[in-house]
Amino acid sequence: MKESVIYQDILQQGEQPAFQVGFERGFERGFQRGFERGFQKGQANIIFLVITHSLGNIPEEMEAKIRSLSISQLNKLAVAQLNFTSMDDLISWLNESEN
């Protein structure tokens, strides 16, 4: 049985908004995740810049730990590192942040 043109138009209009809503939600979630990841990477890079300037090069395992920190933890590290006088201070802070 052939469906009328009007029925087909109504069917398409009914399906399109659901697709658009799903697309928009997916886009917003993806955009938010991308923004958060970019922000986290930027914060980590600034912290590396400051720490390496004051303490020297950071061992790779410590760099990996720092890169895995949440944005909240990076904010705390940004403040704490202002008082670091040695690499031991950074190591202690990272060990405490794991607990």
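Note down all Cβ pairs under 8 Å where the first residue falls in the stretch 70-94 and is under 18 Å from T52 (Cβ atoms), the second is of a type in the set (F, W, Y) and outside any helix (DSSP H, G or I), and they're at least six residues apart or on different chains.
From the stretch 70-94, the pairs are L90/F84; W93/F84.
Looking at R25, R29 in this structure, which one is part of a helix (DSSP H, G or I), of a type in the set (K, R) and modelled with pLDDT of 85 or more?
R29
Going through the stretch 58-88 one residue at a time, which ones are among the aliphatic types (A, V, I, L, M) and either surrounded by 13 or more Cβ atoms within 10 Å (Cβ to Cβ) or touching a helix residue (DSSP H, G or I) at 6+ places or on another chain (Cβ under 7 Å) (or both)?
Correct list: I58, M62, I66, L69, I71, L74, L77, A78, A80, M87.
The values are calculated or read from the model by the stated rules, or taken from the named source; none is laboratory data. Quantities reported herein were computed from a predicted structural model and do not represent experimental measurements. All Cβ positions, even for glycine, are placed from backbone atoms using ideal geometry, and neighbour counts span all protein chains on display.
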